[in-house]
Each structure stands twice: as C-alpha cells, then as structure tokens.
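Trainee: Structure incoming, see below.
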Amino acid sequence: MGKKRILLIGTGGTIASEMGENGLAPELTSSQLLQYIPDISGICEVDCIQLFSLDSTNIRPEHWLRIAKAVQECYSQYDGFVVSHGTDTMAYTAAGLSYLIQNSRKPIVLTGAQKPIGYETTDSKQNLRDAFTVAASDMFGVMLVFNGKIITGTRARKTHSKSFEAFSSINYPIVGMVQDGRIIQYIRPEGSAQTRFYESLDPKVALLKLAPGIDCGVAEYLLERNSALIIESFGVGGLPVYETGSFYETIKRGLDAGKTVVLTTQVENEGSDLSVYHVGSRIKRNLPILEAYDMTTEAVIAKLMWTLSQTNQRAEAAKLFYTPVACDILYAVED
Ligand code: ASP
C-alpha cells in the first residue's frame with residue numbers, strides 16, 4: 001500500500017510565528033513549516049495550502065467556514081487533513097469543525113504549539129509529527145492533537161496558557177496518545193453515518209459569565225443584539241434573584257422575543273444539573289431554556305451557531321441541540 005496523502009492547511013498561530021518589534025506574529029506558511037520536519041516524508045505524502053495567517057485571537061466563525069470548505073473541496077483527494085492553528089482559540093475551531101463536518105470517515109487533526117517552530121526549544125515539531133501520525137492513521141473525525149494527547153474536537157479546552165501540556169479533554173476521556181510515533185488508541189468511536197458538510201453558521205451567539213452581584217441589564221443588552229445567549233452560571237446551575245432585578249424576567253422577555261437561552265456552568269468539570277436547587281429548577285421547569293449538561297462551553301457556542309443556522313423553530317432547535325454530535329453530550333435528560 002502506498003503512503004497516505006495528507007493535506008496541511010496553514011492558518012497562522014504561534015507555531016508559524018516569528019518575533020517582530022511588537023511581539024510574535026504569524027509569518028510562516030504551511031510549506032515553510034513542513035521544511036522543519038523533513039522526516040515527515042517517512043510517514044506520509046503532504047501537500048500544503050495556506051488559508052490565512054492569523055493569531056487565533058482574530059479567528060471568527062467565518063474562518064471555521066473557510067477551513068471546512070477547504071476540507072470539503074479536497075476531501076476526495078486526501079486520506080487525512082492537518083490544520084495548523086493558534087492555540088488560543090483552537091478548541092473553538094475544533095468544536096466548530098466538528099459541527100460543520102459531521103461523521104467524517106477521515107481524520108481531520110488540529111494542532112499548533114506554545115513555542116514557534118524556529119525556536120531552539122519548541123513543541124512545534126513534535127506536535128506536527130504527532131498530528132501527521134494521526135492524520136495518516138485509520139482514526140477518523142475532528143480531533144485536536146497536542147503534547148501527545150488525542151482529544152475529540154468537541155471536548156477540547158485550553159487549560160494552560162504557557163506549558164506544553166496546554167489542552168485537556170473535558171468531561172470525556174482522551175481518545176488516545178501518540179508516543180514515539182505510535183498511536184495508543186483508548187476509544188474507538190463507532191461510525192457508519194454518512195459524512196455531511198454544512199456551509200452556514202449563525203454567529204450571533206453571546207456568552208455571559210456570571211459574577212456575584214452582576215447586573216441583569218447585561219443579559220438584556222446581549223439578548224437584544226444576538227440570536228442566542230449562553231449563561232455560564234455557578235455550580236450545577238441557577239440564576240440569581242436580586243432585589244434590584246430578576247434574571248428570570250429578563251430571560252423570559254428574551255425567550256418571548258424568540259431568542260435562545262442556554263444555561264451552563266463556569267465549573268470546568270462534571271457539567272450542569274439545573275434540577276438540583278431552587279435557583280435552577282424554577283427556571284428549568286417554567287421557561288423553554290436549554291441546558292448544556294456535560295458539554296463544554298466551546299462546544300455549546302459552536303453547536304448553537306450550527307443549530308440556529310439550521311432552524312428557527314424552538315422545538316426543532318432543542319432536538320438538534322440535544323442530539324449528540326461527535327460525542328459532545330452524554331448526559332441529556334429531557335422529557
Ligand atoms: N496567540 C497565539 C494564537 O492563538 C497563541 C498560540 O498559538 O499558542 O494564535
């Protein structure tokens with residue numbers, strides 16, 4: 001059997017950055033990145049394209065659409081795809097691609113680095129090698145490969161801002177590891193459904209993290225300007241009731257105006273359960289809000305953007321939101 005053919009899609013990030021007068025900025029193209037790892041030709045054949053060169057701070061949902069389109073256009077020509085990307089918003093892009101490219105039978109692997117590829121001490125080369133190893137394997141779907149970990153695209157989060165061990169898999173085990181060029185796969189997801197590409201997103205999704213004493217006018221403001229509002233509340237979930245104003249009433253007005261509201265938690269592990277406390281159960285029982293359960297906030301944002309581009313019917317949106325995509329939600333208790 002011949003070597004696998006992989007497409008490397010460059011988008012910028014630290015991995016491709018060089019030091020300038022005002023700090024690091026992405027300069028190198030994907031073919032320049034490849035020159036740093038000539039040994040990759042032992043693993044697979046690689047073609048390169050450069051979509052844009054951005055610090056991932058500047059990446060928006062429209063860039064996720066461009067990456068998904070590039071994969072779609074070349075899907076039949078390659079066995080796998082590596083997307084080199086900044087680490088700061090890589091987990092969001094991984095989630096976005098997981099909804100835009102569903103049931104892929106080929107691996108689509110995001111990677112990047114905490115240190116530029118030209119530095120003497122860098123994680124860039126190992127992360128790229130590992131990403132190509134996974135992209136040339138029989139694994140499939142959208143994954144993030146970093147510091148040896150293989151993480152499902154809907155479960156990744158950047159949890160360290162400086163260390164090489166930058167990403168964690170939230171509320172779901174890592175799928176496997178790459179060690180010394182070998183894949184140790186812990187989970188083998190089943191997959192027989194047909195690959196499907198989507199070409200639209202509704203980017204008007206806002207996120208509000210609660211702080212003690214927060215003014216509910218902030219939620220009002222965000223609801224007026226967006227199709228959906230995600231509220232990261234405390235613990236297993238609930239909304240504060242203050243003498244000065246009620247989140248309940250604010251959200252009710254937003255829902256009456258046709259907006260979508262999702263409640264989630266700012267606690268990293270184990271997810272929400274609004275039914276537990278009075279501050280949560282009243283809202284859950286009486287208002288047609290959605291609950292994130294064990295989904296990551298990154299995945300909730302991307303899934304809502306995808307869901308709302310598919311339907312503006314509340315019941316249909318709820319059905320799509322609670323239907324698992326790429327292992328994004330395990331614990332949805334809806335009646
Ligand atoms: N600011 C960079 C980015 O996200 C950080 C990195 O790539 O590690 O593009």
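The values are calculated or read from the model by the stated rules, or taken from the named source; none is laboratory data. Keep in mind the model is a prediction, meaning the values are calculated, not measured. In this analysis, Cβ positions are derived from the backbone assuming ideal geometry, glycine residues included, and neighbour counts consider all displayed protein chains.
Trainee: Considering only segment 85-102, state which residues are within 26 Å of GLN194 (Cα to Cα), within 14 Å of the ligand (Cβ to nearest atom) and touching a helix residue (DSSP H, G or I) at 6+ places or on another chain (Cβ under 7 Å).
Mentor: Of all residues in segment 85-102, those within 26 Å of GLN194 (Cα to Cα) come to 90-102.
Add one more test, that the residue is within 14 Å of the ligand (Cβ to nearest atom), and what stays is 90-94.
MET90, ALA91, TYR92, THR93, listed by residue number.
Trainee: Given the criteria within 16 Å of the ligand (Cβ to nearest atom) and at pLDDT 95 or above, does ALA70 qualify?
Mentor: Criteria not met by ALA70.
Trainee: Looking at the structure I just gave you, is SER200 buried (at least 17 other Cβ atoms within 10 Å of the Cβ) and either in contact with a Lys or Arg (Cβ under 7 Å, 6 or more places away or on another chain) or within 29 Å of ASN312 (Cβ to Cβ) (or both)?
Mentor: So SER200 fails the test.
Trainee: Let me ask you something else. Out of curiosity, is VAL142 crowded, with 17+ Cβ neighbours inside 10 Å, assigned to a helix (DSSP H, G or I) and away from the ligand (no atom under 16 Å from the Cβ)?
Mentor: Working: crowded, with 17+ Cβ neighbours inside 10 Å: yes; assigned to a helix (DSSP H, G or I): no; away from the ligand (no atom under 16 Å from the Cβ): yes.
The answer is no for VAL142.
Trainee: Check every one of the helices (runs of 4 or more DSSP H) wholly within segment 1-104 and list those with 3 or more residues that are more than 19 Å from the chain's Cα centre (by Cα).
Mentor: In segment 1-104, 30-35 are the helices (runs of 4 or more DSSP H) which contain 3 or more residues that are more than 19 Å from the chain's Cα centre (by Cα).
Trainee: On to the next question. Take ASP123 and decide whether it is within 14 Å of the ligand (Cβ to nearest atom), in contact with a Phe, Trp or Tyr (Cβ under 6 Å, 6 or more places away or on another chain) and among the charged types (D, E, K, R).
Mentor: Yes: the conditions hold for ASP123.
Trainee: In addition: Quickly run through segment 145-194 and pick out the residues that are part of a strand (DSSP E or B), more than 15 Å from the chain's Cα centre (by Cα) and small (Gly, Ala, Ser). If you could, list the steps in order and put the result at the bottom.
Mentor: Of the residues in segment 145-194, the ones part of a strand (DSSP E or B) are 145-146, 149-152, 156-158, 167-169, 176-179, 182-185.
So of that shortlist, the ones also more than 15 Å from the chain's Cα centre (by Cα) come out as 149, 176-179, 182-185.
Correct list: GLY176 only.
Trainee: Among the residues of segment 1-15, write down those that are within 15 Å of the ligand (Cβ to nearest atom) and either out of contact with any helix residue (DSSP H, G or I) (no Cβ under 6 Å at 6 or more places or on another chain) or of a type in the set (Ser, Thr, Tyr) (or both).
Mentor: Those that are within 15 Å of the ligand (Cβ to nearest atom) and either out of contact with any helix residue (DSSP H, G or I) (no Cβ under 6 Å at 6 or more places or on another chain) or of a type in the set (Ser, Thr, Tyr) (or both): THR11, GLY12, THR14.
Trainee: Taking the options ASN147, ASN171, name whichever one is away from the ligand (no atom under 16 Å from the Cβ), among the polar types (S, T, N, Q) and on the phi > 0 side of the Ramachandran plot.
Mentor: ASN171
Trainee: So, in segment 215-258, exactly how many residues are part of a loop (DSSP other than H, G, I, E, B), modelled with pLDDT under 95 and polar (S, T, N, Q)?
Mentor: Looking only at that region, the number is 1.
Trainee: Now for a separate question. With respect to THR57, is the statement that it is out of contact with any helix residue (DSSP H, G or I) (no Cβ under 8 Å at 6 or more places or on another chain), of a type in the set (Ser, Thr, Tyr) and free of Cβ contacts under 8 Å to residues at least 40 places away in the same chain true?
Mentor: When the stated conditions are applied, THR57 passes them.
Trainee: Next question. Specify which of the listed residues (ILE43, ILE108, ILE6) is in contact with a Lys or Arg (Cβ under 9 Å, 6 or more places away or on another chain) and of a type in the set (A, V, I, L, M). Give the derivation first.
Mentor: Details: ILE108 fails: in contact with a Lys or Arg (Cβ under 9 Å, 6 or more places away or on another chain); ILE6 fails: in contact with a Lys or Arg (Cβ under 9 Å, 6 or more places away or on another chain).
Just one listed residue meets the conditions, ILE43.
Trainee: Could you pull out the residue among VAL279, VAL300, VAL267, VAL261 that is β-branched (Val, Ile, Thr), out of contact with any Asp or Glu (no Cβ under 8 Å at 6 or more places or on another chain), in a strand (DSSP E or B) and within 14 Å of SER233 (Cβ to Cβ)?
Mentor: Answer to the selection: VAL261.
Trainee: Let me ask something else about it. List the pairs whose first member sits in segment 243-262 and is on the phi < 0 side of the Ramachandran plot, whose second member is of a type in the set (Ser, Thr, Tyr), and whose Cβ atoms are under 7 Å apart, counting only residues at least 6 apart or on separate chains?
Mentor: LYS259/SER227; THR260/SER227
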